[in-house]
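K.L.:
Sharing a structure here in structure tokens format.
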Amino acid sequence: MTKSSLPIILILSGPNLNLLGQRQPEIYGTATLADHMNRAKQTAAELGFEIESLQAQSSGEIVTAIHNARSRCAAIIINPGALTHFSWSLNDALSTFSGPIVEVHLSNPATRDPWRHESVVAPVASGSIVGFGAKGYTFAINAVATLLADKK
């Protein structure tokens, strides 16, 4: 089997996102994480990218994935879940990545509980896409494609 030569976009999903489709569908919708990743793969393929994805319940696993992406991946899309608001280790790890980083949230944290209003990821991200539900990942992939094209 030949390895793809397409640029890789790594999509990272934080704690509890494995429960999408079951957990609070009134906030997060009924699509599962697998549904989101399938749609992301289709969008990425249309734009000439490959998707790798990881969902983890701990920041340590996500930090390791970010470190491993440094020499392999063109961009990172991250939905850190609740880690968004306190995981400075994600901030530190993402700050070492030289490609575009897009933060995604299915809901809009600014309209929710006050503790959700601050993101420790936003200061090291190229941008954030929030509140667009399932379309957020598609928007993020298109943003990454645009940012990478602008670098050429």
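Readers should treat all values here as calculations from the given coordinates under stated rules, not as data from a laboratory. Computed from a predicted model, the values in this text were never measured in an experiment. Neighbour counts run over all protein chains shown; Cβ positions are idealised from the backbone, glycine included.
K.L.:
How far apart, in nm, are two points set 7 Å out from the Cα along the Cα-to-Cβ line at residue 95 and at residue 72?
P.N.:
In this crude label model, residue 95 to residue 72 measures out at 2.5 nm.
K.L.:
Follow-up. How much length is gained if the chain between residue 149 and residue 5 is pulled fully straight, taking 0.36 nm per residue apart and subtracting their Cα-Cα distance, in nm to one decimal?
P.N.:
Working: separation 144, 0.36 × 144 = 51.84 nm, distance 1.70 nm.
That pair, residue 149 and residue 5, stretches by 50.1 nm at full extension.
K.L.:
Right, another one. Do any trypsin sites (Lys or Arg not before Pro) in region 1-72 lie in a loop, going by DSSP, with at most 10 other beta-carbon atoms within 10 Å of their beta carbon, and if so which? Don't skip to the answer; put the middle values down first.
P.N.:
Details: sites: 3, 23, 39, 41, 70, 72; in loops: 3, 23, 70, 72.
Answer in residue order: 3, 72.
K.L.:
Suppose the chain between residue 126 and residue 46 were pulled fully straight at 0.36 nm per residue; how much longer would it get relative to their current alpha carbon spacing? Mind dumping the intermediate values first?
P.N.:
Values: separation 80, 0.36 × 80 = 28.80 nm, distance 2.22 nm.
So the extension gain works out to 26.6 nm.
K.L.:
Only Cα pairs within less than 10 Å get springs; with that Gaussian network setup on the chain, which residue of 118, 50, 103 has the largest fluctuation?
P.N.:
118
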